[in-house]
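To start, the structure itself, in structure tokens.
The values are calculated or read from the model by the stated rules, or taken from the named source; none is laboratory data. Quick caveat, the model's predicted, so the values are computed rather than measured. Glycine gets a Cβ as well: all are built from the backbone with ideal geometry, and neighbour counts include every protein chain shown. Side chains are part of the model used for accessible areas, which takes the heavy atoms of the whole protein and leaves out ligands, DNA and RNA. Shrake-Rupley method; radii C 1.70, N 1.55, O 1.52, S 1.80 Å.
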Amino acid sequence: MSTRCLISILAASFLSSDINNILGTGTGNPSSIFAAAAANKNKRTSMMMTIMLCRLISTFPPLLKLKSSQTGGSDKCLFQSDFDHGTHIISESVAAPDVTLHLNGYTIQQDASHALLQRFFAVIELASAPFISGAGPAQFVSDALVSATNFKLQGPGVIGRSSHHGIHGNNNVDVVINNVVFRDFEVAAVSLNNVKGLDIVNCNIPHNRQDVPILGSFSAAKQILPYLKALKSSSYSMPLRGRVTTVTEVYDAIVSSIANVYRDVMNTGFIDEYAHPDEYKLFNNPHRVVDGPCYAFLVHGKGPAVGGVGFAMTRDIDAASTNVNIANNNIENVVCFTNEVPASVVDGIVQNDARGAIVQLVNTFTNEYIAMDGLGRYTGNVITDAQIMVAKAIRDGVLVDDNILQTGVNTIDVGMIDWAMNPELVFDPKFRCNGDSMHHVVKGSIIIRVEDTQGFSIKGNTINAASVVSGPASSTPEYFSLFQSDNSLPDANQASWTCETYHFGASIEDGSEQQLANLRGISVAAVSSKVKNGNGNAIGKIDASDIQTILFPTLKATLQTSSLELISKESLKGY
């Protein structure tokens, strides 16, 4: 089996040539984010990206040095031109699994326009796909997942802007990351699941990304697009709000909305509230940091870390990470925010679309209805119209599950579809709280998280000026008090609702605990020590890490500081 190290693998973007036409971007520009879509507009595409490396334009000197056993231990140089047409893949033969990537003092990062449009991304992906089989919003693995082994990333150099991770991987073996600066990542600098042997040492994080203009709802708008495009060939239509609406109308509306956001953000860095108020209401991120889980370093067992905090380590050692060392790293100015999105529930089932995004009815920043009125009648928006239409087409058998447009995740009930069709029907939603826009369990934010791991050492790290800007928890008296004196919105738009249930997993003691405002410096859970061969010493300890300041800015309400969990200048040994 070959081993592959992928620099910047791209999950399917599904951008269409229609967005390209609206924006006026041509296929002749190799740095255009839309060029690949236009060239492959009739099939699923992994979108082209441009990685900016210290603004170097010429192809000399080399940007990165690559050393592997495939080259007989000699250096192979990568240039800017190696990235001009998308992902650069380093494929190694079965006899050559070792890759050492020397950053050589340069910066490698995601282009700003691509960071807006490709919302799941890693600058370095250490596998042939970003998810294992059976995980993720779609099935990216058609055959066996191929994961990198014996990979080393060596600084000095910078892993920069990324809409998700600096480095991400599944099922890797022996990974070393040394003397690297990570900055402007949204979710995590390093996120590895089921890694067997990991050293993260002498790295520096000056800040995470703090100019994020959009929320997860923008991803929902983008990811529903290919389903609508497939429906266009069948001239599909359905009643919405009592009026027969064609798929072309719904498709054109959501494409136009995405294009408006793109133009605004590329021109000014944010969505123009006055030029595009509808887009602002749906997509604007007021805190400018990622609206979901936030980490510096995340080590987890098998599969993505989207569930609750672990309370018991897996009994399957093949599914646990092992031999993890996180030492002598400096982490500063990490700002985190979780957008708790109340998920509507019908007959005990959370309503989400074919890509797993929640059918969102309430904007919790303003407590404003965004898809229904105060009487419970469907008003809709570009996202929910698309979600409802796709759900009905799935139920009608017009859209069928295949390797490209998978439909099995869709749970939108026929009752919700009927409600959107009939302007006289009233819907009284039951909400499940403590989830984000993809209904991942809200766990607060954790700077260093190690979980489902056998054998670990965390020492000599400095965490300074980490902060959380979330809160208060939705549907609480503190939450509703924020809007009692707000007369800027019509009374009919003010939402009145409660959390009927809670997404379980953030707290084993209290299933209703909403942890969006929690901040942990170092969190170790569901772990065990590992006995060294020969001398019988147990490995599993945290010591001599210095958490200097954890900041809690006042954001309209007092945050849940009582639930803060920190390990600071303490020795914790996992014998």
Handout entry: Where G303 falls short, out of the listed (1) of a type outside the set (A, V, I, L, M, F, W, C); (2) under 27 Å from S529 (Cβ atoms); (3) open to solvent by 10 Å² or more (accessible area, probe 1.4 Å); (4) not in a strand (DSSP E or B)
Key = (3)
Exercise for the section: For the stretch 184-205, indicate whether the set of residues that are without any contact (Cβ under 8 Å) to a residue 40 or more places away in the chain, more than 22 Å from T462 (Cα to Cα) and surrounded by fewer than 24 Cβ atoms within 10 Å (Cβ to Cβ) is non-empty. Expected result: no
Problem - Any hit, the stretch 320-340, residues being of a type outside the set (G, A, S), crowded, with 22+ Cβ neighbours inside 10 Å, closer than 30 Å to D418 by Cβ and modelled with pLDDT under 90 - result: yes
Practice task
Determine which member of the set V426, V359, V341 is touching a Gly at 6+ places or on another chain (Cβ under 8 Å) and under 30 Å from A188 (Cα atoms).
Solution key: V341
Practice task
State whether one or more residues within the stretch 257-271 are closer than 27 Å to S470 by Cβ, in contact with an Asp or Glu (Cβ under 8 Å, 6 or more places away or on another chain) and surrounded by fewer than 19 Cβ atoms within 10 Å (Cβ to Cβ).
Solution key: yes
Exercise for the section: Run K229 past the list (1) outside any helix (DSSP H, G or I); (2) open to solvent by 30 Å² or more (accessible area, probe 1.4 Å) and report the number of the one that doesn't hold. Expected result: (1)
Fill in the blank from the handout: Of the residues in the stretch 342-381, those that are touching a Leu at 6+ places or on another chain (Cβ under 8 Å), open to solvent by less than 20 Å² (accessible area, probe 1.4 Å) and among the β-branched types (V, I, T) come to I370
Exercise for the section: State the number of residues belonging to the stretch 514-530 that are open to solvent by 50 Å² or more (accessible area, probe 1.4 Å) and either modelled with pLDDT of 70 or more or under 23 Å from V335 (Cβ atoms) (or both). Expected result: 0
Problem - Residues of the stretch 265-286 that turn out to be in contact (Cβ under 8 Å) with a residue 24 or more places away in the chain and assigned to a helix (DSSP H, G or I), as a count - result: 6
Exercise for the section: Check the stretch 354-366 and report whether any residue there is at positive phi, within 20 Å of the chain's Cα centre (by Cα), of a type outside the set (S, T, N, Q) and at pLDDT below 95. Expected result: yes
